[in-house]
Amino acid sequence: MHDLILYIQSYLDSDRTPGGAGNIFWATVYILLVFGGLSVAVIAMNWLERKILAHMQVRLGPMRVGPHGLLQPIADAIKLLLKEDIIPAEADKIVFWIAPFIVVLAAFTVFVVVPFGPTHAITDMNIGILFMLGVSSLSVLGIVTAGWASNSHYPLIGALRSSAQMVSYEVAMGLAVLSVILMTSLNATGTGTLSMIGIVQAQLAQGEWFIFKFFPLGLIGFVIFAIAMVAETNRAPFDLPEAESELTAGFHTEYSGFRWSLFFLAEYSAMIAVSSIAVTLWLGGWLRPFPNALSGPTWELVFSLFPGITFVLLALMCFYNTARMPKHPLFKIQTIGLAGFGVVLGVIGLLLFLTPVRVRVTDIFWFAAKVAGFMYLYIWYRGTFPRYRFDQLMKVGWKVLLPTGLTLLICTAVWAMRSDVWFEVIVPLWHYFVGILHWLVSLL
Amino acid sequence: MTDPNTLSPLELETPDKTFLDANELIINMGPQHPATHGVLRVILRLDGEKVMGLECVIGYLHRGVEKIAENRTYTMFNPYVDRMDYVAAVSNGLGYCEAVEKLLNVEAPARAQYIRVILTELNRIASHQLWLGTHALDIGAITPLFYTFRDREEILKIFEKYCGARLTTHAFRIGGLQYEAYEGFEREVKNFLTFFAPKIDEYEELLTTNRICLERTKGVGTISGPDAIALGVTGPVLRASGVKWDIRKALPYANYKNFDFEIPTGQNGDTYDRYLVRMAEMRQSCRIIEQAVAGIPEGPIMAKVPKVIKPPVGEIYHSIEAPKGELGYFIVSDGSTQPYRIRVRPPSFVNLQALDVMCKGQLVADVIAVIGTLDIVLGEVDR
C-alpha cells in the first residue's frame, strides 16, 4: 500500500506527461479522467446554459427536477436514452448510424493534447496544435454524412451550410494560430513550437500572455480566433447549420434519442475544445493571472487559495439558497438535496486548501476557469445576437477575417524579425508614402 | 391591367434560371415549422439557398367563420370575430361592432367611443409586441421575445380586469360597451403608459442598431409603394414602402379624428423599415391612449339598440385600421335577425400575397425574416 502511494506520488511529481513517459497505465487513467471530467463539464454546461439564458431572459429556467433544476440534465439524459430509436425508412442506414460517432470521436480525440497543466495532459505532441485543428475539423465529415444520410431536404441544406462555414472559418483560424506560432519562436534559440505545452511555456518564458504580445497584434489574433471558433462550433450567432427558425433543426433534424444526444455531446465538447485552444494560445493556459505584477511567495500562496475559495463560495451560495427554499413539506427533499450539494462542494473546497492538493490543482483550476469564461461568452452570445445570414457569414469569413488574418500574420512576422521595427520599416514606409503624396500634389 | 403602360413591374418579371442550370430544390416549409407563425405552408423553389419562387398553401386553419355568420344572429356572431386575428381580438370586435352599428344607423355614445379607442390602441401595442418578439426570434435573437411578453402581460391584465378575458376579449357590444370601465381603469392605463415608454427604448436598444440585425433586415424583402398598392397590401407593410395610408386618418372611424397623432412611414419598404414603422406606431399608440384617457367623458356607454337586432335590408362595408392593416367587414342584410352574408377583408390574407414578390431572388433565411415582418396570423388568413 505504501509502495503504491509512493508510486503515485513519484508519478505526480514527475515532469513529463503520461504519453511522454510512455506509461500506458497512467495514460489510461488520464484518458478516463479527461473523459469523465468532460462528460461532467458537458452536463454542467447543459444546466448552466439553461439557467444563465433563463436569467438573461427574465425567467427562471429549470426549477422542478432537483433543487433549482440541478438534476435536469440527468433527467434529460435518461429521457434521451429511453427514447425510441428512429431511423427514417429512406435514410442510408449505415451512414446514418456512423455519422454521430464520427462527430463525437473528433470532438473527444482532440483532448489528447489539451494541457491542463505542465504535466497534466494525456500526451504532449510536438505537432499538438496542428493535431487539434486537424482532428477537430474532421467533425465536419460527420455533419455532412449526417445531413446526406438523412435523405431529407432540411438536413441536407444544414449539412452544406455547415461544411461551407467550417471550411471557410478554418482558414482565418489557421492564420491567427500561425501568428502565435511565430511569437513562440522569440526565444534565445529562435525555434518556435507547435506543442501545446510548449506554447504555454513560451508565454511563461517571455513573461507575457500572447494576447498582450505586440499589442495590438496579439489581441487582433485573439479576436479573429474568438470569432472563428464560434463559427467553427456552429453556435449563435453563426448557428446556421441548425438554425431553428429556418431549417427546423438543420443537420440533425432526423435524429432523435441517443444519436441526437451524441451530437449534443459533441457540440459541447467541441466548444470546450476550441476554448481550450484559445486559452492555451493566447491566455497563458494554466498560468495564473498577473504573474509579473503580483509575484513573490505571498502572492503565489494567495493565488493557490483560489480553487478552494471558489468551491467554498459555491457552497455558501447553496446554503444561502437552501435558507431561501420554500418552507413547505413538498420542498423538503429538494431543500435537503441542495444542502447536501452545498456540503459536497464545501468539502471539496476545504480539501482544495490542503497543501499537497492545492499545489497540484492550481494549474487545472486556472485552465478550467479560463475555459469557463469562454463558455459563459458562448451563452451570452446566444442570448444577445440575432443570427447571421449565410452570405453574410461567408462575407465575414472571407472578406473580413481572412484579409485581417493575412495582414496580422505579415505584421507579426515583421515585428518579430525586428524589435525596432518602428524606425526601420514603418517610418521609411511613411516617408515613402509622403513622398508620393508630394509628387502627386506637385502634378496638380 | 392589360395596358402595358399601367402594368406593375411585378408582372413583368420573368423567372430566373438556376445557376449552371442546376436542378431546383423544392422544399416544403410548413405546415409544421417553427417560423411560419401557425400552419402556413410555403412551397419554396430553391437554387441552392436562393429562392426562385414560392407558393403559399393556406387553409389549414379554415373554420368557415363567414359561413357560420349566416346561421347566427348579429349579436351571437360578435365573439366569433375575436377568433380570426386572435392577437388583436379587440380590433376585430371594434370593426364588426362599428359595421353593424353603421347598418343600424346608430352611433355609440362618446364615453364608449373613448374606451373603445383606449382598448383598441392597447391591443395594437400588444399585437406589435407579439410581432416584435416573434420577428426577432425568427432572425435568431431569442431574448427580445421574453421582454415583449413580459410587458404584454400588463396590457392583458388590463383586458382581463375589464372584461374577464385576456386574448379573445369580446370587449365591445353592438351599440357601445357592455361593461363600464372598472374602478381605477384610467389610473392603470396611465401607469401602463409610464411603464411602457422606457420599454420601447429597451427593445430598440436590443435591435435597432444591432449590426447583425441591420444586415439581416436592411434591403431584405423590399416592396415598392406602387407594387404594394397593386397587391392591396395595407397597414405597416404599406406604410413602410412610403405610402401614407392609415384608415384612422384617411377614413376616420370611432373618434380618431379627435386625437392628434402621426402616421409613421418608411422609405425603402424593406424589413428594417417595417420594423421601424411598427416601433414608431407603438409610440404613436401611446400618444393616442394618453389623449383618450385624459378626455374620457361621463355618460352612458350603450346607445339605444333594440334587444333583437334586425337591420334594414341593405349592405355595408366598413373598415378599420387593425394592427396588421385594413380590416374590413362587408355585411349584407336581408332584414332578418341573421346576416345574409358577411365577408371579411383580412389584412393578413392580403398582405401574405406579397410574399412571393418580396422573396424572389432572396435567400431562405430572408423568407423567414419577411414572413415574420409581414406579421400574419393564420387564424385571420384562413378564417
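Scanning the stretch A:140-191 for residues that are polar (S, T, N, Q) and within 30 Å of A:Ala205 (Cβ to Cβ), we see that the one that is nearest to the chain's Cα centre (by Cα) is A:Ser179. Out of B:Glu107, B:Glu66, one residue alone is farther than 20 Å from B:Ala165 by Cβ, modelled with pLDDT of 85 or more and assigned to a loop (DSSP other than H, G, I, E, B). It is B:Glu107.
Of all the numbered requirements in (1) over 19 Å from the mean Cα position of the chain (by Cα); (2) surrounded by 24 or more Cβ atoms within 10 Å (Cβ to Cβ); (3) small (Gly, Ala, Ser), B:Gly325 misses one, and that requirement is (1). The test for being within 14 Å of chain A (Cβ to nearest Cβ) and either at pLDDT below 85 or surrounded by fewer than 22 Cβ atoms within 10 Å (Cβ to Cβ) (or both) holds for B:Val364.
Can you tell me how many residues within the stretch B:341-353 are more than 14 Å from the chain's Cα centre (by Cα), surrounded by fewer than 24 Cβ atoms within 10 Å (Cβ to Cβ) and not basic (Lys, Arg)? First the steps, then the outcome.
Taking the stretch B:341-353 as the starting set, the residues that turn out to be more than 14 Å from the chain's Cα centre (by Cα) are B:341-343, B:353.
Filter once more, so that each one left must be surrounded by fewer than 24 Cβ atoms within 10 Å (Cβ to Cβ): B:341, B:343, B:353.
Now drop any that are not not basic (Lys, Arg), which leaves B:353.
Of the residues in that region, 1 qualify.
Screening the stretch B:32-51 for residues that are more than 10 Å from chain A (Cβ to nearest Cβ) and out of contact with any Gly (no Cβ under 8 Å at 6 or more places or on another chain) and picking the one that is modelled with the lowest pLDDT gives B:Asp47.
With among the β-branched types (Val, Ile, Thr), touching a residue at least 60 places away in the same chain (Cβ under 8 Å) and outside any loop (DSSP other than H, G, I, E, B) as the only criterion, which of B:Val51, B:Val39 stands out? First the steps, then the outcome.
Values: B:Val39 fails: outside any loop (DSSP other than H, G, I, E, B).
Result of the check over B:Val51, B:Val39: B:Val51.
Looking only at the stretch A:172-195, decide whether some residue is surrounded by 18 or more Cβ atoms within 10 Å (Cβ to Cβ) and within 14 Å of chain B (Cβ to nearest Cβ). Among the residues of the stretch A:172-195, not one is surrounded by 18 or more Cβ atoms within 10 Å (Cβ to Cβ) and within 14 Å of chain B (Cβ to nearest Cβ), which makes the answer no. Taking A:Val312 as the residue in question, decide whether it is loosely packed, with under 14 Cβ neighbours inside 10 Å and within 20 Å of A:Lys370 (Cα to Cα). For A:Val312, the condition - loosely packed, with under 14 Cβ neighbours inside 10 Å and within 20 Å of A:Lys370 (Cα to Cα) - is not met.
The set of residues in the stretch B:136-148 that are closer than 26 Å to B:Thr194 by Cβ, part of a helix (DSSP H, G or I) and within 10 Å of chain A (Cβ to nearest Cβ) comprises B:Ala136, B:Pro144, B:Leu145, B:Phe146, B:Tyr147.
Among the residues making up the stretch A:162-187, those that are in a helix (DSSP H, G or I) and over 17 Å from A:Trp398 (Cβ atoms) are A:Val177, A:Leu178, A:Ser179, A:Val180, A:Ile181, A:Leu182, A:Met183, A:Thr184. Only residues that are more than 12 Å from A:Tyr388 (Cβ to Cβ), surrounded by fewer than 24 Cβ atoms within 10 Å (Cβ to Cβ) and at pLDDT 85 or above were counted in the stretch A:223-254, giving 3. In summary, no helices (runs of 4 or more DSSP H) completely within the stretch A:1-113 bear 3 or more residues that are in contact with a Lys or Arg (Cβ under 6 Å, 6 or more places away or on another chain) and within 14 Å of chain B (Cβ to nearest Cβ).
Results for (1) hydrophobic (A, V, I, L, M, F, W, C); (2) under 20 Å from the mean Cα position of the chain (by Cα); (3) within 14 Å of chain A (Cβ to nearest Cβ), shown as yes or no for each residue.
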site: B:Arg124; (1), (2), (3): no, yes, no
site: B:Gly133; (1), (2), (3): no, yes, yes
site: B:Arg150; (1), (2), (3): no, no, yes
site: B:Gly164; (1), (2), (3): no, no, no
site: B:Gly184; (1), (2), (3): no, no, no
site: B:Val189; (1), (2), (3): yes, no, no
site: B:Phe192; (1), (2), (3): yes, no, no
site: B:Phe196; (1), (2), (3): yes, no, no
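Against the conditions (1) without any contact (Cβ under 8 Å) to a residue 24 or more places away in the chain; (2) buried (at least 18 other Cβ atoms within 10 Å of the Cβ); (3) within 14 Å of chain B (Cβ to nearest Cβ), where does A:Ala202 fall short? Just the number, please. So A:Ala202 meets the others, but not (3). Just one of (1) farther than 25 Å from B:Ile289 by Cα; (2) within 14 Å of chain A (Cβ to nearest Cβ); (3) in a helix (DSSP H, G or I); (4) not acidic (Asp, Glu) fails for B:Thr75. It is (2). Taking A:Phe258 as the residue in question, decide whether it is modelled with pLDDT of 80 or more and either touching a helix residue (DSSP H, G or I) at 6+ places or on another chain (Cβ under 8 Å) or not aliphatic (A, V, I, L, M) (or both). Considered against the rule, which asks whether it is modelled with pLDDT of 80 or more and either touching a helix residue (DSSP H, G or I) at 6+ places or on another chain (Cβ under 8 Å) or not aliphatic (A, V, I, L, M) (or both), A:Phe258 comes out as yes.
Would you please name the residue that is farthest from the other protein chains (Cβ to nearest Cβ), looking only at residues in the stretch B:198-224 that are in a loop (DSSP other than H, G, I, E, B) and either crowded, with 18+ Cβ neighbours inside 10 Å or touching a His at 6+ places or on another chain (Cβ under 6 Å) (or both)? Let's see the steps before the verdict.
Here is the first cut: in the stretch B:198-224, the residues in a loop (DSSP other than H, G, I, E, B) are B:208-210, B:218-224.
Next cut, either crowded, with 18+ Cβ neighbours inside 10 Å or touching a His at 6+ places or on another chain (Cβ under 6 Å) (or both) only: B:210, B:220-223.
Details: B:Asn210: 7, B:Val220: 8, B:Gly221: 12, B:Thr222: 15, B:Ile223: 19 Å.
Only one residue tops the list, namely B:Ile223.
Quick check on this structure: which one of A:Leu406, A:Leu443, A:Leu402, A:Leu437 is over 30 Å from A:Thr322 (Cβ atoms) and modelled with pLDDT under 80? Just a single option satisfies the conditions, and that option is A:Leu443.
Quick grid of which residues meet (1) in contact with a helix residue (DSSP H, G or I) (Cβ under 7 Å, 6 or more places away or on another chain); (2) outside the structural domain of B:Ile125 (by TED's automatic domain parsing); (3) touching a residue at least 12 places away in the same chain (Cβ under 8 Å); (4) surrounded by fewer than 21 Cβ atoms within 10 Å (Cβ to Cβ):
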residue	(1), (2), (3), (4)
B:Pro226	no, no, yes, yes
B:Pro236	yes, no, yes, no
B:Ala250	no, no, no, yes
B:Tyr275	yes, no, yes, no
B:Met282	yes, no, yes, no
B:Ala294	no, no, no, yes
B:Ile316	yes, no, yes, yes
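Taking the stretch A:342-444 and the helices (runs of 4 or more DSSP H) fully enclosed by it, the elements with 1 or more residues that are under 25 Å from A:Met45 (Cα atoms), in contact (Cβ under 8 Å) with a residue 60 or more places away in the chain and within 14 Å of chain B (Cβ to nearest Cβ) are at A:355-384. For the stretch B:230-265, the candidate set comprises residues that are at pLDDT 85 or above and at positive phi; within that set, the residue that is farthest from the chain's Cα centre (by Cα) is B:Gly242. Just so you know, in the stretch B:59-103 the residues that are under 13 Å from the mean Cα position of the chain (by Cα) and acidic (Asp, Glu) include one that is surrounded by the most Cβ atoms within 10 Å (Cβ to Cβ), and it is B:Asp85.
Going by the conditions given, is A:Thr119 of a type in the set (S, T, N, Q) and touching a Leu at 6+ places or on another chain (Cβ under 9 Å)? Against the criterion (of a type in the set (S, T, N, Q) and touching a Leu at 6+ places or on another chain (Cβ under 9 Å)), A:Thr119 qualifies. In this entry, B:Leu177 passes the filter for residues that are closer than 20 Å to B:Glu298 by Cβ, in the same structural domain as B:Leu119 (by TED's automatic domain parsing) and buried (at least 17 other Cβ atoms within 10 Å of the Cβ).
Could we say that A:Val302 is β-branched (Val, Ile, Thr), part of a helix (DSSP H, G or I), surrounded by fewer than 23 Cβ atoms within 10 Å (Cβ to Cβ) and more than 14 Å from chain B (Cβ to nearest Cβ) here? Outline the logic, then answer.
On the way: β-branched (Val, Ile, Thr): yes; part of a helix (DSSP H, G or I): yes; surrounded by fewer than 23 Cβ atoms within 10 Å (Cβ to Cβ): yes; more than 14 Å from chain B (Cβ to nearest Cβ): yes.
Taking the combined requirement at face value, the residue satisfies it.
So for the stretch B:319-337 (the condition being over 25 Å from B:Ala254 (Cβ atoms) and within 14 Å of another protein chain (Cβ to nearest Cβ)), does at least one residue qualify?
Scanning the stretch B:319-337, I find no residue that is over 25 Å from B:Ala254 (Cβ atoms) and within 14 Å of another protein chain (Cβ to nearest Cβ), so the answer is no.
The values are calculated or read from the model by the stated rules, or taken from the named source; none is laboratory data. Treat the numbers as computed from the prediction; the structure is a model and nothing was measured. Neighbour counts are summed over all protein chains in view; Cβ atoms, including those assigned to glycine, are modelled from backbone coordinates with ideal geometry.
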